[in-house]
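Down below is the structure, laid out as structure tokens.
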Amino acid sequence: MRKLNLSNPSFRYLEKGFEEWLEVQGYAPSTVYNLPAHVRELLCYLEEKGINQIKELSPKHIEEHYNNLRQRSNQRQGGGLSNAHLNKHIQAMRKFTQYLRKVGRLEIPEVYLRDESTDPKIVWLNLEEVKQLYAASDKVIYRYNLPTEIIEALRARDKAMLAVYYGCGLRRTEGVHLDVGDVYFDSEILHVRQGKNYKERMVPINRTSLLQLQGYVYDHRPKLLKGAKTEALFLSRNSPKRMQGQSLFVRLKKLQSLTDNTALQEKEIGLHTLRHSIATHLLQAGMKLESISRFLGHSSLESTQIYTHLAEES
């Protein structure tokens with residue numbers, strides 16, 4: 001990514017505001033860092049064109065800027081920018097114009113740039129590997145001479161994490177923002193209030209995941225709560241506050257390292273891997289693509305169709 005400096009104070013303010021908006025929306029730290037940097041390139045392009053007020057931004061400027069990116073060389077590796085990198089720029093410009101509309105700064109149409117084709121390398125786990133992650137939660141050894149009840153609570157929290165991200169197929173930030181009240185135990189439903197693009201949805205909880213969540217919420221979470229008042233489902237060990245995505249990711253990697261499966265240990269997995277895995281397993285079990293799409297909260301079937309290729313490969 002090029003090192004660029006904005007001379008226009010209002011553009012610098014916009015970039016910072018965009019970054020803070022992404023953070024408030026619950027995007028991953030990497031997204032909060034990268035997208036404003038891509039937007040800075042667009043703002044620098046506007047400065048070069050003599051445009052110093054954001055209200056002058058038009059779809060034509062965005063298209064011209066993107067065409068320049070497609071023709072630009074990669075300064076580090078030579079050649080052109082990769083399609084994946086170009087798609088990041090497209091994502092940044094889409095989110096930035098959405099931000100401008102949301103905060104009322106500019107009435108600009110949505111960005112209609114076609115994503116560049118890429119060969120997605122999706123990592124997913126088979127059923128046996130998922131079972132091994134669950135089993136690994138009972139192998140975790142904690143330092144600092146923690147009381148037995150706290151160790152049991154942390155192991156139950158790991159199982160609940162797997163129940164949410166694998167059993168319910170949630171996205172990273174969706175799981176982070178879950179509250180205890182979002183789990184409807186009687187109706188066996190999980191209420192996702194902060195889904196992608198502000199969309200809410202109801203996700204069915206299977207019996208196994210429901211039991212794991214019940215055990216954590218009723219028997220073990222109070223030990224981590226330590227008398228504090230917070231509705232966050234996943235609580236940190238050191239203080240009763242909401243766990244963030246990075247902490248949950250670290251827990252998953254710990255479970256991965258404790259499995260006896262070398263092939264599993266060598267996989268590059270994250271919380272989204274669990275989502276990919278349950279989608280593939282549901283398709284293999286015969287669930288219709290439309291049902292899986294609703295389960296995952298996809299806005300269109302195009303996002304779900306990739307799992308047909310994974311299921312066929314397996």
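Can you tell me the dipole magnitude for the chain around its Cα centre, using point charges on the Cβ only (Lys, Arg +1; Asp, Glu -1), in Debye to the nearest 20?
With Lys and Arg at +1 and Asp and Glu at -1, about 820 debye.
Which whole number of Å³ per residue matches the convex hull of the alpha-carbon atoms in the chain?
172
Which of the pairs LYS55/LYS241; LYS88/LYS253; LYS102/LYS267; LYS16/LYS199; LYS196/LYS254; LYS60/LYS121 have their Cα atoms more than 30 Å apart in this structure? It would help to have the intermediate numbers written out before the result.
Working: LYS55/LYS241 41 Å; LYS88/LYS253 26 Å; LYS102/LYS267 39 Å; LYS16/LYS199 25 Å; LYS196/LYS254 27 Å; LYS60/LYS121 33 Å.
Those over the limit are LYS55/LYS241; LYS102/LYS267; LYS60/LYS121.
Please go through segment 270-314 and write out the trypsin sites (Lys or Arg not before Pro) that DSSP classes as loop and that have at most 13 other C-beta atoms within 10 Å.
For trypsin sites (Lys or Arg not before Pro) across segment 270-314 that sit outside H, G, I, E and B with at most 13 neighbouring Cβ atoms in 10 Å, the list reads LYS288.
Return, ordered by residue number, the residues of segment 199-222 whose backbone nitrogen is under 17 Å from a label point located 7 Å along Cα→Cβ of THR148.
What the label zone holds, given the 17 Å backbone N cut-off, is 220.
Pull out a ≥ b ≥ c, the square roots of the eigenvalues of the alpha-carbon gyration tensor of segment 177-264, then state rounded if a/c is under 1.5, prolate if not and a/b is larger than b/c, and oblate in the remaining case.
rounded
Would you mind calculating the gained length between VAL140 and ALA228 on full extension (0.36 nm times residue separation, minus the Cα-Cα distance), in nm to one decimal? Write out the running numbers ahead of the final one.
Numbers: separation 88, 0.36 × 88 = 31.68 nm, distance 2.57 nm.
Difference between extended and current length: 29.1 nm.
Counting alpha carbon pairs within less than 8 Å and at least 6 residues apart, what relative contact order, in whole percent, applies to segment 93-195?
Relative contact order comes out at 13 percent.
With an 8 Å cut-off on Cα pairs and a minimum separation of 6 or more residues, tell me the relative contact order of segment 239-314 in percent.
Result for segment 239-314 is 22 percent.
Treating only the Cβ atoms of Lys and Arg (+1) and Asp and Glu (-1) as charged, compute the dipole magnitude of segment 7-78 about its Cα centre; round to the nearest 20 debye.
The calculated dipole for segment 7-78 is roughly 200 debye.
Take the alpha-carbon positions of segment 227-314, form their convex hull, and give its projected area averaged over all directions (one quarter of the hull surface) in nm².
Working: hull surface 32.5 nm².
Taking the Cα atoms of segment 227-314, their convex hull projects to 8.1 nm² on average.
ASP186 label point, 7 Å along Cα→Cβ, cut-off 17 Å on backbone N: hits in segment 192-213?
205
Distance from the Cα centre of segment 1-58 to that of segment 236-251, in angstrom?
Result: 30 Å between the Cα centres.
By average Cβ neighbour count within 10 Å, what is the ranking of 160-167, 29-36 from highest down?
With the highest mean Cβ count within 10 Å placed first, the list reads 160-167, 29-36.
So for segment 158-218, averaging the separation of alpha carbon pairs under 8 Å that are six or more residues apart and normalising by length, what relative contact order in percent results?
35 percent.
Bear in mind that the values in this text are calculations on the coordinates, not laboratory data. This is a predicted model, so every value here is computed, not measured. Glycine also receives a Cβ, built like all others from the backbone with ideal geometry; neighbour counts cover every protein chain displayed.
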